[in-house]
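Structure first, then comments.
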């Protein structure tokens with residue numbers, strides 16, 4: 001392939017991959033602490049909705065991003081507290097949140113924009129332009145977040161504390177770690193990143209809110225977490241590859257737009273890639289020992 | 001009996017919570033929640049034919065979640081299984097216009113999909129939640145592709161060719177054949193899960209994998225069997241829609257969209273008991289029939305009801321709801337004596 005053709009694809013990939021990387025890095029943090037959150041999809045949908053509504057009424061996409069982060073953080077804290085404190089079934093919570101998000105999105109879309117499918121076009125966060133190459137500014141944030149998360153998890157006492165909750169909460173407790181509090185707060189922080197991912201999806205990538213805007217990205221992020229073996233830097237690489245796959249699918253769709261049925265077929269590419277990647281590279285991955293199990297003190 | 005009373009109370013609590021949260025939400029958005037509730041409840045009776053149609057599908061997708069769940073697997077793929085089942089039912093119906101062949105085709109492709117998911121988990125470590133959700137999306141687009149390119153009715157836009165009349169199962173003397181199939185399926189699933197050896201293995205695996213292994217239970221076989229059986233019913237849901245209800249499929253799959261997810265709500269409300277899904281499917285499908293009233297009279301969308309089911313599922317994930325209910329019961333008893 002001609003390199004001149006490849007550069008626009010690589011630059012365009014910064015948008016979708018920023019979403020995936022931030023969602024995956026958030027999930028890595030929360031899973032390291034022992035809590036699994038399969039409600040990323042719903043959290044991105046609800047926070048993306050918050051971003052859209054806030055931007056619609058204030059005219060400022062930046063306020064929209066802020067609102068999405070707040071909403072994401074609150075949802076994360078709820079999931080964290082329900083998982084850590086109330087010993088809930090974390091998978092069932094996630095399924096419920098994902099379904100609730102669909103109902104909420106539809107109701108708010110009708111109330112604000114008068115139809116159940118999509119919002120009106122929203123003011124977008126502008127692309128960054130460096131030397132003639134324009135890319136998504138949030139990609140830098142995603143790179144920063146994954147480096148920071150990697151540093152925290154591997155080089156700091158805080159990272160050790162988080163990992164101890166996910167590996168052996170009983171020993172962590174014996175060492176004086178307040179397991180339930182750490183899990184709740186980390187899941188809240190992760191929620192903030194999921195909220196940011198939702199905002200980027202709406203305001204930095206698509207430019208409007210639609211009912212099915214997340215389209216399984218929350219679960220692709222879960223796949224990235226496994227493929228990256230819970231390593232934020234690997235998640236950055238994997239997220240970027242998946243973002244590139246998405247842009248390639250879109251580019252091919254544009255090329256074949258006149259042939260009926262082709263765009264549907266091309267849409268399956270990212271999902272097939274996700275299953276294949278986990279099947280090929282997920283075998284060697286090792287999840288935190290206590291992942292998803294409620295820790296009940298004796 | 002006390003166990004039954006407690007579980008019923010917990011399910012009821014979650015239902016009330018679901019209605020309450022969405023009621024508050026509608027009030028915030030400027031709707032009259034009392035009017036919405038009234039429409040919702042009236043809709044179950046006014047749109048009884050929609051309710052019965054949906055109920056047949058929800059029993060089956062409920063089983064698609066419940067059976068693997070009893071073996072410890074979270075099958076989120078009821079949605080994709082139903083898509084694939086509907087597709088297989090149509091294709092087989094065109095070639096072999098026989099209702100039994102149509103239904104079996106739907107069930108079998110669902111079962112194969114279930115086995116594929118179980119194999120991915122057992123041999124490649126792909127968590128079933130990730131694989132089933134990805135498959136839902138893959139099958140959604142694949143089904144659309146196949147309907148658009150190969151099965152489209154040239155006379156109408158966006159609809160597949162109809163199922164040949166000989167392959168259909170219309171109501172017999174007023175009895176909805178789909179519902180009959182669904183109820184028989186639930187009873188069959190109950191017998192397999194609670195009265196056969198493989199059913200015991202499934203439940204043992206779901207209860208405690210390690211304990212099951214020490215008792216020489218073939219855990220892999222139990223997982224495979226539970227996903228195959230669950231998948232069969234998921235695929236059958238799609239085939240029932242084709243053979244007993246619509247006799248065709250629309251390009252956007254809107255007639256199937258959400259059946260898998262609502263099946264999860266149905267199963268959890270029934271605490272994954274196969275026979276319980278009959279009752280809870282009646283409940284959830286009534287909510288959906290009511291949802292059409294919201295669409296008709298308040299210009300809302302039927303998918304608002306998905307929000308209600310979502311809250312129900314979320315609250316059923318909280319064990320504290322259950323213990324809260326239980327504690328109140330116990331306390332009252334102590335107080336009385």
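Just so it is clear, none of the values below were taken in a lab; they were calculated from the coordinates. The shown structure was predicted, so the numbers you read here are calculated from the model rather than taken from an experiment. Positions of Cβ are backbone-derived with ideal geometry, glycine not excepted, and every protein chain shown enters the neighbour counts.
With a Förster radius of 25 Å applied to the beta-carbon distance between residue A:175 and residue A:148, the computed FRET efficiency rounds to 0.55. A crude spin-label estimate for the pair residue A:210 and residue A:259, with each label 7 Å from Cα along the Cβ direction, gives 2.2 nm. The mean sequence separation of alpha-carbon pairs under 8 Å and at least six residues apart, normalised by the residue count of chain B, gives a relative contact order of 35 percent. Distance between the C-alpha centres of region B:132-172 and region A:104-135: 32 Å, rounded to the whole angstrom. Relative to the current alpha-carbon distance between residue B:38 and residue B:4, full extension at 0.36 nm per residue lengthens the span by 9.3 nm.
To the nearest 10 degrees, how steeply does helix A:138-155 sit against the main Cα axis of chain A, on a 0 to 90 scale? Computed tilt is about 20 degrees. Between residue B:194 and residue A:133, the FRET efficiency from the beta-carbon distance, with R0 = 60 Å, is close to 0.40.
Give the distance, in whole Å, between the Cα centre of region A:144-158 and the Cα centre of region B:183-211. After rounding, the separation between the Cα centres reads 45 Å.
Rounded, prolate or oblate: which fits region A:83-153 when a ≥ b ≥ c are the square roots of the eigenvalues of the alpha-carbon gyration tensor, with rounded for a/c under 1.5 and prolate only if a/b beats b/c? Taking the square roots of the gyration eigenvalues as a ≥ b ≥ c, region A:83-153 is oblate.
Available extension along the chain between residue B:96 and residue B:175 is 26.0 nm, counting 0.36 nm per residue and deducting the alpha carbon span.
The simple spin-label model puts a point 7 Å past each Cα toward its Cβ; for residue A:10 and residue B:254 those points are separated by 4.4 nm. The modelled label-to-label distance for the pair residue B:45/residue A:237, using points 7 Å beyond Cα in the direction of Cβ, is 6.5 nm. On a 0 to 90 degree scale, rounded to 10, what angle separates helix A:61-84 from the longest Cα axis of chain A? Taking the Cα atoms of chain A, the angle to A:61-84 is about 30 degrees. Ordering of B:297-305, A:288-296, A:14-22, B:284-292 by packing is A:14-22, B:284-292, B:297-305, A:288-296, highest average first (other Cβ atoms within 10 Å, averaged per residue).
Peptide B:135-145 is shielded by partner chain Cβ atoms: per residue, an average of 6 of them sit within 10 Å of its Cβ.
Sorting B:151-160, A:76-85, A:215-224, B:4-13 by average packing, meaning the other beta carbons within 10 Å per residue, from highest down gives A:215-224, A:76-85, B:4-13, B:151-160. The mean sequence distance of close C-alpha pairs (under 8 Å, at least 6 residues apart), as a share of the length of region A:1-101, puts its relative contact order at 31 percent. Relative contact order for chain A: 36 percent, from Cα pairs under 8 Å spaced at least 6 residues apart, divided by residue count.
Estimated from helical segments only, the mean residue ellipticity of the protein assembly as shown at 222 nm is -24000 deg cm²/dmol, where each DSSP H run of four or more residues counts as -39500 (n - 2.57). Taking a ≥ b ≥ c as the square roots of the eigenvalues of the Cα gyration tensor, chain A is classed as prolate, since a/c reaches at least 1.5 and a/b is larger than b/c.
Peptide A:80-93 is shielded by partner chain Cβ atoms: per residue, an average of 4 of them sit within 10 Å of its Cβ. Taking every residue in A:214-227 and counting other chain Cβ atoms within 10 Å of its Cβ, the average works out to 3. The overall shape of the protein assembly as shown, judged from the alpha-carbon gyration tensor, is rounded, with an a/c ratio under 1.5.
With a Förster radius of 25 Å, plug the Cβ-Cβ distance of residue A:118 and residue B:124 into 1/(1 + (r/R0)^6) and report the FRET value to the nearest 0.05. Calculated value: 0.10.
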